[in-house]
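Undergrad: Below you'll find the structure I mean.
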Amino acid sequence: MPRFETPPEPRQQEDEQRRTGAASPPKTQTGTPRPFMTSFLEHLVRNRIISEEVAMQAAEWKKHNDRDKRSLVEILKEEFGLSQDVLHYQVAQFYAFRVIDINERGARRLLPSDVLKILRGLPESIRQVAMRHKVLPYDLAENQPDKIIVVTPNPADREISDVARALPYKKFEICYMKERDWAEYWRQLTLEKDQSGGSTPALADSVVEEEEADFEGAIDRDISRGQLQGLVENIFSDAARVGATDIHVIPRGARKTDVCFRIDGQLALWYSIEDTRAEAVAAVIKTRGQGMDRFERMAAQTGAVQKTVDSQIIRYSVSVLPVASREISGKLESVVIKVQRDPEADGIDVFVTQPYALRVLRDALARPRGLIVLAGPSGGGRTATLVAALRAAMKPGLNTVTVEDPMELFLEGARQVKVNPKLAFDDALDAILAHDTDIVYIGSLDRSAASATALRLGVAGRQVFGKLHARDTVTAVARFLTMGNEPFLLSEGISAVIAQRQVRKLCERCKEPMTKVSRELVTRLGFEEDEASATKFYRAVGCINCTGGYKGRIPLHEALEWTDQIRDQILWSGTTLDTKALRDSAVKQGTVTIRQHGVELLKKGVTTLTEVAASLA
């Protein structure tokens, strides 16, 4: 079979060669092969799988990366984020591979026992290739008993012809079967093992693990057979490349594991690992993580992974929790992996676009003392904003120290304290008080000790940065008081409070104006009737260039400027803060609330009503 990247034309002869295993392909009328890259990309554009812009980018990538041995399909998947299933189906359409639907009623197929007998007769090396590339006999061609039909999810894989030629038939035809259908077909074949008293060929034994007393040995065999280590590495890389913030590894049973990516705040299924023990998947991840015990399955664990993806260092924080299983012998675990990248070295105006909030933050950065608080929910982009603020404040003549548990960022030029069993987080906070600091970053202020240390440092003339979980700026102030901090420390120690959360941005290519708008929703967001009538609201549609009509996220900000009036209100509030009076004062002095910022974005057509409403819930 010719190389996947550069098959020649004419099309009909080429299709027949690829399906039937015929020899050398012909050339075009001019005598020169036409690059597959161009014709297949044209096919994808014609079928609206990719845009012309993406096609040109892919062609340029292939042209200028001649040392890259990956196929074009692999490049489109890994560099441009296209679905593997969609690409394989389009390859089948492009080369006119016949599509086999396992659910088609009355369709012919070989008996499972006959398929297993054929596989058993193959040399061991060929069986391994067949399993690795997912190739299975399916049927004999009608009225052609010497022609075997084989099915695979990736019919253009050049290794498939080697397997097909090794089958005991003179001719063969390669057909396309969806990944999910192929997995179901293989499951049905393996049922023959259970119904026939265990007389299964070697290939079935290599995938379907029999119940064994040696549980760890079975896990090891699943790991080696399923090539899980390479698969897990690919999952880590894919998450970094598509911009996922979290990876969820979810056991769906004894032999199925779903891998979901959180992209733009939403979880979506990325890959399903089937016919492999869920415990084996978790074991590979724990082995890869630093500070984790692969053999411990009954306790919560945390660990860290570091990996270089496309010349960028990516850190992954791993959290493992045991979960219940229907099977008594099951020892399943849920794994969540946080993907941590060093934020781009951009100015704060890239991360804070609301004018009032940007001005308040810049004024706070200009002061050499005081605590700057970023409040909001997890996953709201607070870390990226804080890093931009820290970089704006840091100077060669200042001592910058960071304390985090766990550590989420690496900041060039800062001294970053490493929390460990001999130096707990609270002890590290006490230690930095005597470490001659100028600028201090405390990852989380949600602990009483952390908030108290941050305020004391702010009063003592240090510039301090930290994150806090709170709905808005006023709620953040109330949280400091409920953690036992004195009103005086808040009044004198804080420099500014910024609240942040994120909403998904509409895809500019496919968004459409709404023809019917919920009056209740519009009123709840604060629109006047005339204002709502004059605003054009948009809805998410969805296209090849986005995810469900959205592409990327944008932050909403609210800033509480630490004026003398705000300080006095907090100082004389005692332990009970009048949040309504404080919010009214903030609005009078110019604060733009998160709700108002969301309304501004709606008027600009940046996001949707449902996104803004959800961010305020």
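The values are calculated or read from the model by the stated rules, or taken from the named source; none is laboratory data. None of the values given here were measured: they were computed from a predicted structure. Every residue, glycine among them, receives a Cβ derived from its backbone with ideal geometry; neighbour counts consider all protein chains shown.
Undergrad: Return the total of residues in the range 570-593 being at pLDDT 90 or above and closer than 26 Å to Asn485 by Cα.
TA: Residues meeting the conditions: 12.
Undergrad: Could you check, for the range 59-66, whether at least one of its residues is within 32 Å of the chain's Cα centre (by Cα), surrounded by fewer than 13 Cβ atoms within 10 Å (Cβ to Cβ) and not in a helix (DSSP H, G or I)?
TA: yes
Undergrad: Against the condition acidic (Asp, Glu) and surrounded by fewer than 20 Cβ atoms within 10 Å (Cβ to Cβ), how does Glu492 come out, does it pass?
TA: yes
Undergrad: Right, something else. Assuming Pro555 fulfils every condition listed in (1) surrounded by 21 or more Cβ atoms within 10 Å (Cβ to Cβ); (2) in a loop (DSSP other than H, G, I, E, B); (3) not hydroxyl-bearing (Ser, Thr, Tyr) apart from one, which condition is it?
TA: (2)
Undergrad: Restricting attention to the range 385-404, which residues are farther than 20 Å from Val497 by Cα and surrounded by fewer than 18 Cβ atoms within 10 Å (Cβ to Cβ)?
TA: Lys395, Pro396, Gly397, Leu398, Asn399
Undergrad: Taking the range 480-511, which residues are assigned to a helix (DSSP H, G or I) and out of contact with any strand residue (DSSP E or B) (no Cβ under 6 Å at 6 or more places or on another chain)?
TA: Phe480, Leu481, Thr482, Pro487, Phe488, Leu489, Leu490, Ser491, Glu492
The rows are residues; the columns are (1) assigned to a strand (DSSP E or B); (2) of a type in the set (A, V, I, L, M).
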| residue | (1), (2) |
| --- | --- |
| Val350 | no, yes |
| Ala357 | no, yes |
| Val373 | yes, yes |
| Thr385 | no, no |
| Leu390 | no, yes |
| Thr402 | yes, no |
| Glu412 | no, no |
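Undergrad: Now, a different point. Check off (1) within 28 Å of the chain's Cα centre (by Cα); (2) loosely packed, with under 15 Cβ neighbours inside 10 Å; (3) assigned to a loop (DSSP other than H, G, I, E, B); (4) at pLDDT 80 or above for Lys69 and give me the number that stays unchecked.
TA: Condition not satisfied by Lys69: (4).
Undergrad: Moving to a separate point now. For the range 577-610, which residues satisfy the criterion of being surrounded by fewer than 14 Cβ atoms within 10 Å (Cβ to Cβ) and either in contact with a Phe, Trp or Tyr (Cβ under 7 Å, 6 or more places away or on another chain) or at positive phi (or both)?
TA: Within the range 577-610, Gly590 is the sole residue that qualifies.
Undergrad: Does Leu76 count as surrounded by 15 or more Cβ atoms within 10 Å (Cβ to Cβ) and either modelled with pLDDT of 80 or more or farther than 21 Å from Pro155 by Cα (or both)?
TA: The answer is yes for Leu76.
Undergrad: Here is a further query. Being within 23 Å of Val86 (Cβ to Cβ) and crowded, with 21+ Cβ neighbours inside 10 Å is the filter here; which residues of the range 265-299 pass it?
TA: If the condition is that a residue be within 23 Å of Val86 (Cβ to Cβ) and crowded, with 21+ Cβ neighbours inside 10 Å, then Ile273 is the only one that fits.
Undergrad: State yes or no: is Arg471 in a helix (DSSP H, G or I) and either over 18 Å from Leu390 (Cα atoms) or within 34 Å of the chain's Cα centre (by Cα) (or both)?
TA: When the stated conditions are applied, Arg471 does not pass them.
Undergrad: Now a separate question. Which one of the conditions (1) touching a helix residue (DSSP H, G or I) at 6+ places or on another chain (Cβ under 8 Å); (2) over 16 Å from Arg539 (Cβ atoms); (3) surrounded by fewer than 20 Cβ atoms within 10 Å (Cβ to Cβ) does Ala613 fail to meet, given that it meets all the rest?
TA: Result: Ala613 fails condition (2) only.
Undergrad: Give the residues of the range 433-467 that are in a loop (DSSP other than H, G, I, E, B) and either surrounded by 20 or more Cβ atoms within 10 Å (Cβ to Cβ) or of a type in the set (Val, Ile, Thr) (or both), sorted by residue number.
TA: Thr437, Leu445, Arg462
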